[in-house]
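Here's the structure, in structure tokens; my notes come after.
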Amino acid sequence: QALASYTLGKSLDNMSSDVVPSVPSYRFDPDGDWGPSDFDVRHTFGAGVTYAIPAVESSRAWRIITGGWSVDAVITARSAPPVNVVMGTTVFGVSNALRPDLVPNTPVYVDDATVPGGWQFNRAAFVAPPLEANGNPLRQGTLGRNALRGFAMGQVDLALRRDVPIRAGVRAQLRVEAFNLFNQVSFAM
């Protein structure tokens, strides 16, 4: 048996939560905040497979030993969720964070074998937006809300099982399962 599904989705908004924080009005710009939702995952693939291993029919003993075995697999893959890059601080739930300006002609992602996943955001690609005389930012930065993407996710779960007949109509099931068989990292999912 096999079952597979693929979903292509897109979700845009200017605030993904129902919570309206109390922050200065210069931080709110519905048009400037329009972008991918926090939960926007463009591609999602899922599959499940069950294979009943045929018993060896050469003798009753082989039929008993090799009968009732099955292999199950669940495969999940998703594209990366959005990441909202901000600069500033958050203290007791009150945010003083703003999106930064993008530095022209500077790569946003850099390869780095020393970090999980093998790459990271390039800090040199972002600078703080200009400040007014009182030290308040004049505007949000040029980087859009949720403009960058994090890590994609892929995972395989595998099970080997055997149904053992106890008596008529009663069976026991023995299972060995491995979740995330290939030990793939899954950040923020």
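By accessible area, using a 1.4 Å probe on protein heavy atoms only, the chain has 60% of its surface on carbon and sulfur. In order along segment 136-145, the phi-based Karplus estimate (6.51 cos²θ - 1.76 cosθ + 1.60, θ = phi - 60°) of 3J(HN,Hα) comes to 8, x, 6, 6, 5, x, 7, 6, x, 5 Hz; Gly and Pro are listed as x. Here's the picture: a label point sits 7 Å out from the Cα of Gln184 along the beta-carbon direction, and within segment 32-53 the residues with their amide nitrogen under 17 Å of it are 41-49. Surface analysis of the chain yields an accessible area of 67 Å² per residue, using protein heavy atoms and a 1.4 Å probe. Considering only chymotrypsin sites (Phe, Trp or Tyr not before Pro) in DSSP loops that have at most 16 other Cβ atoms within 10 Å, the longest stretch of the chain without any of them is 93-178.
Could you tell me the relative contact order of the chain? Use alpha-carbon pairs under 8 Å, at least six residues apart, and round to a whole percent. Intermediate results must be reported in sequence, preceding the final value.
Values: 377 pairs, mean separation 39.6, N = 189.
The normalised contact order for the chain reaches 21 percent.
Computed over protein heavy atoms with a 1.4 angstrom probe, the accessible surface ordering of Leu138, Leu148, Leu160, largest first, is Leu138, Leu160, Leu148.
Accessible surface for Thr106 stands near 40 Å², nearest 10, in the context of the full protein assembly shown (1.4 Å probe).
For segment 115-189, what is the charge dipole size about the Cα centre, in debye to the nearest 20, if Lys and Arg each add +1 at the Cβ and Asp and Glu each add -1 at the Cβ? Working shown, then result.
Details: 9 positive and 4 negative charges, 62 e Å.
Dipole about the Cα centre, nearest 20: 300 debye.
Sum up the charges of everything whose Cβ sits under 9 Å from the Cβ of Gly68, counting Lys and Arg as +1 and Asp and Glu as -1, but leave Gly68 out. With Lys, Arg at +1 and Asp, Glu at -1, the neighbours total +2.
The values are calculated or read from the model by the stated rules, or taken from the named source; none is laboratory data. Not measured: the values here are computed from a predicted model. Cβ sites come from the backbone with ideal geometry, for glycine too, and all protein chains shown count toward neighbours. Heads up: the accessible areas ignore ligands, DNA and RNA and are worked out on the full protein's heavy atoms, side chains in. Shrake-Rupley method; radii C 1.70, N 1.55, O 1.52, S 1.80 Å.
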